[in-house]
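The structure appears below as structure tokens.
The values are calculated or read from the model by the stated rules, or taken from the named source; none is laboratory data. Remember, predicted model here, so these are calculated numbers, not experimental data. Here Cβ is always computed from backbone atoms with ideal geometry, including for glycine, and neighbour counts include all displayed protein chains. Ligands, DNA and RNA are stripped out before the accessible areas are found, and what is left, the full protein with its side chains, is counted by its heavy atoms. Shrake-Rupley method; radii C 1.70, N 1.55, O 1.52, S 1.80 Å.
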Amino acid sequence: MVQPSGAVLVAAENGPELPSIRDFLPDPILFQGTPFAINRIIFVRLLAMVIILLVLGITASRAKLIPSRWQGAVEWVLDFVRDSVVYQVMGELRGRRYVPMITTIFLTVLVFNLCGVIPGMNIAATATITMPLVFALWTLAQYLVTGIREQGLWPYLKQELFPAGVPWPLYIILTPIQFLELLVIKPVSLTIRLFANMVAGHLLVAVSLAFAQYYIIVVSNKWLALAGVSWFGLGFALTAFEMFVAALQAYIFAILSTVYINQSFPEED
Amino acid sequence: MEPLAANGGIKLFIPETYDIVWSLIILVILGCFFYKFFLPKFQSIFDERSAKIEGGIKKAKEAQESADQAKKKYEDQLSQARVDASKIRDDARSEASRIISDARTRAEGEAAQITATAQRSIESQQQQAMVSLKGDVGSLAAALAGKILGAKLEDEDTQSKVLDQLIDDMAEKTHEG
Amino acid sequence: MDIITLAEVTGSISVLGYGLAAVGPGIGLGIVVGKTLESMARQPEMASKLQTVMFIGLALIEVLGLLGFVSLFVV
């Protein structure tokens, strides 16, 4: 991290407003103390939900046989989730049942992630641990239910905890790991991946822009303003990168959910 | 700089109650929206579209088939007409040749008949001429001979004998000539 | 500072830890992406399938690096 020199510190004592973890733990602004308290991130999340409902709802209610340009784009996304994510991993026969779930996860996570680069919101709606955790728990429930439905409880647990073709002494080590993998590691890794990506992305962009603002506006030094401009360029690039990461993480969340559900199917084929 | 953990970084990973509540509410609302409204709507659109496209393809196929049939019918008619035309032409040609040959035989027959008639009339005239010539030549020759011979041919008997011999000689000469 | 102390690190050691934690996944991601590109160049008709599998692998490796990032906040 760049350490401002002593002269600069004298010129502006308080330094740049660097982002901190307080950004992700905002104080409630409505209904404090009740289970329905709303803080900034939840407000962003509600806003994002309303946007999804409005935009996609209007698109769906106006959907025609011959698509307009926007409807074509939405249909392209739906086709992408169905063909490139679900059917690619599971095949059409198994996958048909899970298309709605994966589509919901993909579109919701995508829009929530993109809130991080929308001016005014500036924080991803998935940037508290809870939202990714809820998605991950949904996936967990779905793959447990699928496994029990497709194989029955005991055959499913046997397949997961005692993988075939392993010499039995190894089960002493393997079974606890498999158990953890099944119930903890899969959902937690899904959660952490999404959450940490959003946190890191926000911190990177915010640090860059804070330094840009500091060097250009607060510090009255032409040469350091040049540094501020390059910080701003970096912030710009990182914002674009954040958009890419938002889409990539939505895709990865969706495809990993699909993969986990697919693993619950019997392994014969 | 202090470690972030000392600032309560661990709090980041501990879900708040109200956060859980709102996340669940939002997820349920969005889930209902996608499951009950959005995806069925688009699914029906996709189905309708594929049905329409299939219907269009089927219709096009039918049109193609009927066009093929019409073309086949037309071609059949055309070839039939062609066969008919060539048959008519052949018939006409054989008819014509028959007419020509008929005419030719009839003409030949008539010609032969005319020739025969002419021949016959010539012969009869010749016969006539011969008879009259015989009479004339006989009297002429008798007169001539009477003049030449004079008295020698007084009696009727001798005269007739000589005359016959003369005519025979002439006839022989004529035949030879 | 003691007279015995020969070297001192100021600031959060967790940051260093995160830097170290990023090394392994970095190498791993490099190998995954490189190998996938190689395979795609060899069999372009398999490209989409390979890409899907690559993203799954990337996600599994990525979480290791992110664990380091998380420990920056937690420990």
Open item on the list: Looking at chain A, identify the longest residue range that excludes and avoids all trypsin sites (Lys or Arg not before Pro) in DSSP loops having at most 16 other Cβ atoms within 10 Å.
Closed with: A:65-269
- [ ] Using the heavy atoms of the protein chains and a 1.4 angstrom probe, tell me the accessible area per residue for the protein assembly as shown in square angstrom.
- [x] 61
Open item on the list: Along its three principal axes, how long is the range C:14-72 when you only count alpha carbons? Whole Å, largest extent first please.
Closed with: 45, 15, 8
Open item on the list: Skipping prolines and chain starts, which residues have an amide H placed within reach, meaning under 5 Å, of the one on A:N39, given they are 5 or more residues away or on another chain?
Closed with: A:I29
- [ ] Please give the helix B:156-176 orientation as an angle from the longest Cα principal axis of chain B, in degrees from 0 to 90, rounded to the nearest 10.
- [x] 30
Task: Full-stretch length increase - B:D136, B:L24 - with 0.36 nm per residue and alpha-carbon distance subtracted - done: 24.1 nm
Open item on the list: Ignoring ligands, DNA and RNA, please state the percent of accessible area on chain A from carbon and sulfur, probe 1.4 Å.
Closed with: 71
Task: From phi via Karplus (6.51, -1.76, 1.60), per-residue ³J(HN,Hα) for the range B:72-78 in Hz, x at Gly/Pro - done: 4, 4, 4, 5, 4, 4, 4
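Decide, for the range B:10-104, between rounded, prolate and oblate: order the square roots of the alpha carbon gyration tensor eigenvalues as a ≥ b ≥ c, take rounded if a/c falls under 1.5, and otherwise choose prolate if a/b is larger than b/c, else oblate.
Cα axes put the range B:10-104 in the prolate bin.
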Open item on the list: Using a 7 Å offset from Cα along Cα-Cβ at A:T175, what residues in the range A:140-166 end up with backbone N under 15 Å from the label point?
Closed with: A:154-166
- [ ] Would you mind checking the tilt of helix A:69-79 against the longest principal axis of the Cα atoms of chain A, expressed as 0 to 90 degrees and rounded to 10?
- [x] 50
- [ ] State the answer as a single residue: which of A:Y260, A:W231, A:F80 lies farthest towards the positive end of the charge dipole of chain A, with beta carbon charges of +1 for Lys and Arg and -1 for Asp and Glu, about the Cα centre.
- [x] A:F80
- [ ] Could you please state how large a percent of the accessible area of chain B is carbon and sulfur, counting protein chains only and using a 1.4 Å probe?
- [x] 59
TODO: Give me the accessible area of A:H202, 1.4 Å probe, in Å² rounded to the nearest 10.
DONE: 40
Task: Accessible surface buried once B binds A (1.4 Å probe; total of both sides; Å²) - done: 3800
Task: C-alpha center-to-center spacing [the range A:160-236, the range A:18-93] in angstrom - done: 21
- [ ] Rounded to the nearest 0.05, what FRET efficiency do C:I31 and B:A63 give with R0 = 51 Å and r taken as the Cβ-Cβ distance? Could you check?
- [x] 0.30
- [ ] Would you mind computing, in nm to one decimal, how far apart the modelled labels at B:T117 and C:T10 are, each placed 7 Å from Cα along Cα→Cβ?
- [x] 15.8
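Just the number, please: buried accessible area between C and A, total of both chains, 1.4 angstrom probe, nearest 100 square angstrom.
The summed interface area works out to 1400 Å².
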Open item on the list: From the protein chains alone at 1.4 Å, what is the descending order of accessible area for C:E62, C:E8, B:E156, largest first?
Closed with: B:E156, C:E8, C:E62
TODO: Would you mind classifying chain A by shape? Square roots of the alpha carbon gyration tensor eigenvalues, ordered a ≥ b ≥ c; an a/c under 1.5 is rounded, otherwise it is prolate if a/b is larger than b/c and oblate if not.
DONE: prolate
TODO: Quantify, in whole percent, the carbon and sulfur part of the accessible surface of the range C:14-72 (1.4 Å probe; protein heavy atoms only).
DONE: 74
- [ ] Apply 1/(1 + (r/R0)^6) to the Cβ-Cβ distance of B:R49 and A:R149, taking R0 = 45 Å, and write down the FRET efficiency to the nearest 0.05.
- [x] 0.90
TODO: Calculate how steeply helix C:13-42 sits against the longest principal axis of the alpha-carbon atoms of chain C, using the helix alpha-carbon long axis, and give the answer as 0 to 90 degrees to the nearest 10.
DONE: 10
Task: J(HN,Hα) series, the range B:51-64, from Karplus relation 6.51 cos²θ - 1.76 cosθ + 1.60, nearest Hz, glycine and proline x - done: 4, 5, 5, 4, x, x, 5, 5, 4, 4, 4, 4, 4, 4
TODO: Past 19 Å, Cα to Cα, is the threshold; run B:K52/B:K72; A:K64/B:K52; A:K64/B:K58 against it and keep the listed order.
DONE: B:K52/B:K72; A:K64/B:K58
